[in-house]
Amino acid sequence: MSGVAVLESDGEARTRALGAALGALLRAGDVVALSGPLGSGKTRFVQGLALGLGVPADEAVVSPTFMLVREYVGRVRLCHFDAYRLAGPGELHDLGFGELVEEGSTVVAVEWADRVAGLVPASACRVELTHAGEQRRRIAVWWPDAARLARFIEAASPG
């Protein structure tokens, strides 16, 4: 992996804003692999991704835990997968994950990506969220695309 940005969030609004900063840099064919414990902000971050991708702000972006995948339309289509309830990579593959990645016309975000790591392409942007306090989160972003990672760091900087 090319580099890492380690950021702090003091609440849900900041987590969404960081997701929006990343989403603004995404293009068709990108994969965002999110990991972290329950309640660490993965879905909040994807809500921001959706905003950055131009999904209307009034559209409810919710966890696909029970539906397993949700789709949103913005400047680029976003397919949001949740691997929490899956038995393994085979089930994610059966949901069409590999086809979407191969097709390259969609941004694909997958929560609990560590559970299906074998399917996540090496080019994926990886986001790890961890608890750093009651409302605080540590958000580490690895992206092999060094130029876009640098632009994300610049956009995510306060001020």
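Accessible area of the chain with a 1.4 Å probe: how many percent of it is carbon plus sulfur?
Numbers: 3830 of 7350 Å².
Here carbon and sulfur together make up 52 percent of the probe-accessible area.
What is the helix-to-structure angle for 146-156, meaning the angle in degrees between its Cα long axis and the longest Cα principal axis of the chain, kept from 0 to 90 and rounded to the nearest 10?
Approximately 50 degrees, to the nearest ten.
Put +1 on the Cβ of each Lys and Arg and -1 on the Cβ of each Asp and Glu in segment 1-118; which of 15, 40, 84 then has its Cα farthest toward the positive end of the dipole?
15
What angle do you read, to the nearest 10 degrees and between 0 and 90, between the alpha-carbon axis of helix 12-23 and the longest principal axis of the chain?
Result, in degrees: 70.
Note the angle between two axes, namely the Cα long axis of helix 42-52 and the longest principal axis of the Cα atoms of the chain, as a number of degrees from 0 to 90, rounded to the nearest 10.
80 degrees
Based on the inverse mean of 1/r over its pairs of different Cα atoms, what is the Kirkwood hydrodynamic radius of the chain, in Å?
Over the chain, the inverse of the mean reciprocal pair distance is 15.3 Å.
Quick one: give the max-minus-min coordinate of the C-alpha atoms of segment 81-159 along each principal axis, largest first, in Å.
So the extents along the principal axes, rounded to whole Å, are 43, 32, 17.
The values are calculated or read from the model by the stated rules, or taken from the named source; none is laboratory data. Small disclaimer: the values here were computed from a predicted structure and weren't measured. Positions of Cβ are generated from backbone atoms using ideal geometry, with glycine treated the same way; all protein chains shown enter the neighbour counts. Accessible surface areas use protein heavy atoms only, side chains included; no ligands, DNA or RNA. Shrake-Rupley method; radii C 1.70, N 1.55, O 1.52, S 1.80 Å.
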